[in-house]
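The values are calculated or read from the model by the stated rules, or taken from the named source; none is laboratory data. Just so it is clear, the structure is predicted and the values come from calculations on it, not from any experiment. Glycine gets a Cβ as well: all are built from the backbone with ideal geometry, and neighbour counts include every protein chain shown. In case anyone asks, the SASA skips ligands and DNA or RNA and just uses the protein heavy atoms, side chains included. Shrake-Rupley method; radii C 1.70, N 1.55, O 1.52, S 1.80 Å.
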Amino acid sequence: MTPELERLRATERWIAWARLVAVPFAIVEVGLLSTDYPSGYESWAWATTGLLTVAGVGFYLLSRPHAFARAPRRIGLLGITLDSVIVAAFVLIYQYEIGSPVNQLFFVLLVEAAVRYGIRGGLLMPLAIVPLLALAEWWRESKFENPPHGYQADHVVFPWGLLTLTGMIVGWLVDRLRDETTTSQVQVGEAERLRDELGRRADVLEAATRCARALSSSLDLDEAFEAFIRELRGFVPFDRMAIVLEEGGTAQVMAVAGVGAEVVFSRGSRQPVGQTLLAEILRMGQPVYREDMTDERYSEEHEFVELGLRCRIAAPLLQGPRAVGMISLVRREARAFKKQELELVGLLGRLVASAVQNIRAYEAERSTVEELRRLSALRADFVSLVSHELRAPMASVVGSAQTLRQRWRELNPSQRESFLALIGSETERLAALVGDVLDTSQIEAGTFTYRFGDVDLGALVRDTVAGMSLAQDEVSVVAEVRGELPFVRGDRDRLQQVLTNLLDNAIKFSPAGEEVRVSAYWQDSQVRIEVTDRGPGVPPEQQRVIFEKFGRGNSAGSPGNPGTGLGLFIARSIAVAHGGAVEVSSAPDLGATFTLSLPAEGSTGV
């Protein structure tokens with residue numbers, strides 16, 4: 001039942017109670033207080049009292065909710081009409097009592113009309129009562145006034161005026177009360193709505209806070225996302241969710257859970273932003289609600305529809321005013337998300353962005369610290385290594401020189417030659433070590449110089465291989481130049497330094513009697529020089545480390561061949577400066593192949 005209908009029913013029930021309360025007073029008046037009835041008048045008085053009783057009981061029953069709801073306004077109109085008949089009957093009957101205040105009963109009708117219809121009832125009812133007043137005055141004057149004094153108009157006009165003024169006042173008060181009641185009801189409704197809205201927002205805020213707390217529970221990105229997904233599932237159930245970041249025009253899936261998580265756009269996968277929903281999110285910076293994805297508006301929605309997913313909400317991950325990604329929730333049913341869920345997901349976008357930024361900043365700082373620690377350890381290892389590398393040849397040089405100085409006359413020519421040869425080889429070793437250190441320092445400082453010109457790599461390969469073969473005889477070094485090689489633009493001495501470092505590295509780790517093969521050929525506008533050995537190989541986890549400064553594989557630390565960890569770093573740096581690269585392919589115990597790639601010019605060497 002509406003508030004207005006409930007108000008009408010309450011009015012009708014109150015008036016019904018008033019009728020019932022009036023019945024005892026009517027009985028006392030008719031039976032005890034009134035005497036000397038004219039013939040038949042007492043019977044009419046009792047009949048009117050009976051009608052009042054029936055009206056009171058009947059309209060009380062009609063004021064019950066089910067009965068009243070059928071025709072509320074008709075019941076009210078019937079009630080005031082019947083009350084008018086009853087009051088008019090009592091007024092006419094008791095006109096026989098000269099000076100009786102029975103006319104005041106019309107105020108009952110006036111109050112009832114004002115209560116029912118406000119100021120309209122208060123003004124219209126006096127107009128309806130005027131004929132009754134006139135009839136009552138005529139009835140009194142013609143039937144009971146003795147001697148007759150004539151028709152008294154002021155007995156009609158004055159009560160009518162008083163009724164009109166009273167009706168205006170009571171009707172205005174009733175209307176004012178109704179307006180105040182309506183305003184109060186509206187305010188109560190608004191207060192309840194605000195209370196519900198405040199409660200809903202408090203629930204949203206609590207949910208967002210718990211999700212944010214879950215994100216902050218760990219500085220490990222994977223653990224934080226797992227905790228966040230568990231918490232989110234309790235507040236916003238989903239069939240699939242994902243957190244996607246944009247980096248350089250590429251969408252990267254940072255976290256994903258639910259339907260097809262391992263198959264479609266799995267964690268760590270990347271794809272161009274293109275015409276995806278992420279592109280729309282980044283452009284608008286506002287949440288997007290896809291009530292039904294069967295129209296496949298965005299490129300990735302085809303896969304979702306095939307998985308049986310239809311409804312999707314996506315909110316931007318905002319860092320300040322800029323969107324850096326999105327959080328996406330998907331359900332199987334179309335139009336499945338509610339308003340408060342959309343609001344919560346939008347709020348989570350800001351919290352997730354902030355948490356992800358903090359965790360990634362921590363990860364970056366931790367990676368930097370770990371890298372610095374690693375470099376510090378490498379530097380310490382390098383210092384120790386260089387100290388050893390310097391100390392050993394220096395000891396040989398000093399010892400040989402002292403022996404020659406102290407025992408020159410005692411030594412025969414062959415012994416002197418041996419000591420001098422040892423001093424020469426160890427001095428060259430020292431010079432090479434110092435040269436590597438200086439080259440590394442210049443590369444880091446950006447002062448490593450080059451003199452570019454046209455270089456015939458075929459001739460360079462043959463010359464370098466010949467020189468390395470003469471310098472040692474434990475390992476066979478073979479050169480294979482396939483066809484005529486084009487010239488390259490580069491510094492011949494620096495390129496020879498690269499090839500020498502690669503050959504020196506291959507010879508160092510090749511067993512005695514094995515072969516080191518150098519192959520040079522032209523392929524895909526590049527000249528490639530491959531140096532292949534039969535040594536212990538380079539494990540996959542060390543293939544990146546060996547090209548770093550001070551980086552050495554496990555084999556590099558073997559006794560007799562410690563290595564400085566600078567040769568391959570210098571080789572790759574020189575290759576990169578020429579627009580090329582140095583790469584390695586290897587497996588443990590199967591040897592290694594180092595490949596130098598350089599961009600070639602159009603002409604070929606002679």
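Points worth noting:
- For region 514-533, residues that are touching a residue at least 24 places away in the same chain (Cβ under 8 Å) and farther than 16 Å from M468 by Cβ total 6.
- If only residues of region 29-51 that are part of a helix (DSSP H, G or I) and among the small types (G, A, S) are counted, the one that is farthest from L82 (Cα to Cα) is G31.
- E145 vs. criteria of a type outside the set (S, T, N, Q) and in a helix (DSSP H, G or I): no
- Within the option set F238, F225, being within 26 Å of N358 (Cβ to Cβ), assigned to a helix (DSSP H, G or I) and touching a strand residue (DSSP E or B) at 6+ places or on another chain (Cβ under 8 Å) holds for one residue only, F225.
- Any hit, region 30-44, residues being more than 23 Å from I129 (Cβ to Cβ), hydrophobic (A, V, I, L, M, F, W, C) and loosely packed, with under 12 Cβ neighbours inside 10 Å: yes
- Qualifying position, being out of contact with any Gly (no Cβ under 9 Å at 6 or more places or on another chain), modelled with pLDDT under 85 and of a type in the set (G, A, S), among A279, A227: A227
- Test: residue in region 195-214 that is closer than 25 Å to I119 by Cβ and in a helix (DSSP H, G or I): no
- Every condition in (1) in contact with a Ser or Thr (Cβ under 6 Å, 6 or more places away or on another chain); (2) at pLDDT below 85; (3) polar (S, T, N, Q) is met by S218 except one, and the failing one is (1).
- Considering region 479-512, the residues that are assigned to a strand (DSSP E or B) and of a type in the set (V, I, T) include one that is most open to solvent (accessible area, probe 1.4 Å), namely V481.
- Test: residue in region 489-500 that is out of contact with any strand residue (DSSP E or B) (no Cβ under 9 Å at 6 or more places or on another chain) and over 30 Å from L590 (Cα atoms): yes
- Residue tally, condition part of a helix (DSSP H, G or I), surrounded by fewer than 19 Cβ atoms within 10 Å (Cβ to Cβ) and over 17 Å from the mean Cα position of the chain (by Cα), over region 276-314: 6
- In summary, M254 fulfils each of the numbered conditions (1) hydrophobic (A, V, I, L, M, F, W, C); (2) assigned to a loop (DSSP other than H, G, I, E, B); (3) in contact with a Lys or Arg (Cβ under 8 Å, 6 or more places away or on another chain) with the single exception of condition (2).
- Pair list, Cβ < 7 Å and 6+ apart or interchain, from region 272-289 residues that are touching a residue at least 40 places away in the same chain (Cβ under 8 Å) to residues that are open to solvent by 30 Å² or more (accessible area, probe 1.4 Å): L278/E246; L282/E246; P287/L342; Y289/L342
- Of the criteria (1) at pLDDT 80 or above; (2) open to solvent by 50 Å² or more (accessible area, probe 1.4 Å); (3) not in a loop (DSSP other than H, G, I, E, B), which one T403 fails: (2)
- Count of region 441-470 residues, restricted to those that are assigned to a helix (DSSP H, G or I) and open to solvent by 60 Å² or more (accessible area, probe 1.4 Å), is 7.
Yes/no matrix, rows are residues, columns are (1) among the small types (G, A, S); (2) farther than 28 Å from L127 by Cα:
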{"site": "I27", "(1), (2)": "no, yes"}
{"site": "G31", "(1), (2)": "yes, yes"}
{"site": "Y37", "(1), (2)": "no, yes"}
{"site": "G40", "(1), (2)": "yes, yes"}
{"site": "A55", "(1), (2)": "yes, no"}
{"site": "G79", "(1), (2)": "yes, no"}
{"site": "Y96", "(1), (2)": "no, no"}
{"site": "Q104", "(1), (2)": "no, no"}
{"site": "V111", "(1), (2)": "no, no"}
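- Evaluation of T49 against the conditions (1) at pLDDT below 90; (2) open to solvent by less than 40 Å² (accessible area, probe 1.4 Å); (3) polar (S, T, N, Q) shows that the sole unmet condition is (1).
- Verdict on V244 being part of a strand (DSSP E or B), more than 13 Å from L348 (Cα to Cα) and in contact (Cβ under 8 Å) with a residue 60 or more places away in the chain: yes
- Residues being of a type in the set (V, I, T) and surrounded by 15 or more Cβ atoms within 10 Å (Cβ to Cβ) - total across region 134-186: 5
- Within region 513-522, restricting attention to residues that are touching a Gly at 6+ places or on another chain (Cβ under 9 Å) and over 11 Å from S476 (Cβ atoms), the residue that is surrounded by the most Cβ atoms within 10 Å (Cβ to Cβ) is A520.
- Inside region 255-275, residues that are open to solvent by less than 20 Å² (accessible area, probe 1.4 Å) and within 30 Å of A202 (Cβ to Cβ) make up a count of 2.
- Matching residues, region 1-13, being hydrophobic (A, V, I, L, M, F, W, C) and without any contact (Cβ under 8 Å) to a residue 60 or more places away in the chain: A10
- Among residues of region 147-178, those that are over 12 Å from V115 (Cα atoms) and touching a Pro at 6+ places or on another chain (Cβ under 7 Å), counted: 3
- Within region 118-133, considering residues that are in a helix (DSSP H, G or I) and open to solvent by less than 30 Å² (accessible area, probe 1.4 Å), the one farthest from I15 (Cα to Cα): L133
- Per the conditions (1) open to solvent by less than 40 Å² (accessible area, probe 1.4 Å); (2) more than 15 Å from the chain's Cα centre (by Cα); (3) closer than 17 Å to A353 by Cα, the sole criterion not satisfied by E247 is (1).
- Filtering region 406-437 to residues that are under 60 Å from the mean Cα position of the chain (by Cα) and open to solvent by less than 60 Å² (accessible area, probe 1.4 Å) leaves A432, L433, G435, D436, V437.
- Given (1) open to solvent by less than 40 Å² (accessible area, probe 1.4 Å); (2) free of Cβ contacts under 8 Å to residues at least 12 places away in the same chain; (3) not basic (K, R), number of the condition V475 does not satisfy: (2)
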